[in-house]
1. Once you wrap a convex hull around the alpha carbon atoms of the stretch 58-106, what is its projected area averaged over all directions, in nm²?
2. Per DSSP H run of at least 4 residues, take -39500 (n - 2.57); add these up for the chain, divide by its residues and hand me the 222 nm value, nearest 500 deg cm²/dmol.
3. Using only alpha carbon pairs under 8 Å that are at least six residues apart, calculate the relative contact order of the chain and give it in whole percent.
4. Given a Förster distance of 41 angstrom, what is the FRET efficiency for A10 paired with Q101, based on the Cβ-Cβ distance and rounded to 0.05?
5. Arranged from highest to lowest average of other beta-carbon atoms within 10 Å per residue, in what order do the peptides 36-43, 100-107 appear?
6. Figure the gain on full extension for N27 and Q136 (residue separation times 0.36 nm, minus the Cα-Cα span) and round it to one decimal in nm.
7. Per residue, how large is the accessible surface of the stretch 110-159? Use a 1.4 angstrom probe and give square angstrom.
8. What nm value, rounded to one decimal, do you get for the distance between T122 and Y1 when each label is placed 7 Å out toward the C-beta?
Amino acid sequence: YLNKAANIYAWERAVLFNTNNGAIYDNIGTNGVLSTWSSTYNQGTFIGAADFLGRTNDAALAANFTMMNLTSGGILPQYGIGGNNSGFNAIFLRWLTRFMQNHHLQSIYEPWLQFNAAAAWTGRRSDNLSWCQWPQITPAGTDFYSWDCISSFEALQAADPAQTVPPLPLPTDYVGYWPLDA
């Protein structure tokens, strides 16, 4: 299993990982055309695989790309509801949190996680339901699938509630990168 995982990771790194900036591209078509769109789902699963395989610099590069390039004002993307994408941020948050905790990188990622948790909490409606499109208020009278709300739950689980919310957006020179396996 380890050999299979390492081979799959090596393929993804060679084909879909931008080693210059940390973007994980969505796919490569059967015609060989690379789709350079990046989602938090792919960023997160790559971070998890890289962390498990000891490729911590790759994981950090992917995490930093997400934090600095896939956000709006520091907040994770607002994917639509009722489909596959609404839970993408939850997948990312699970893997980033594990990576952060495994390598004691809270000083780098915790302020950003806390900011996203605050956005999710602020966007809740009167019954405390919060959807995937922060910081917009969750619409009243709307039924949601659990997948539409899981990212808010994950954001609240990922962030240490004892932290204060940092001012965002983060400064442009904030790198949040620590070369762990250099």
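The values are calculated or read from the model by the stated rules, or taken from the named source; none is laboratory data. Since this is a predicted model, take the numbers as computed values, not measurements. Quick reminder, even Gly has a Cβ in these numbers, built from the backbone with ideal geometry, and neighbours come from all protein chains shown. The protein model used for the area step is the full one, side chains on, heavy atoms only, and it has no ligands, DNA or RNA in it. Shrake-Rupley method; radii C 1.70, N 1.55, O 1.52, S 1.80 Å.
1. Across all orientations, the stretch 58-106 yields a mean hull projection of 3.7 nm².
2. It comes out at -15500 deg cm²/dmol, rounded to the nearest 500.
3. Reported relative contact order: 22 percent.
4. Computed FRET efficiency for A10 and Q101: 0.95.
5. Listed from highest to lowest mean packing, they are 36-43, 100-107.
6. So the chain would gain 36.2 nm between N27 and Q136.
7. Here the per-residue accessible area is 48 Å².
8. Taking the simple label geometry, T122 and Y1 are separated by 4.2 nm.
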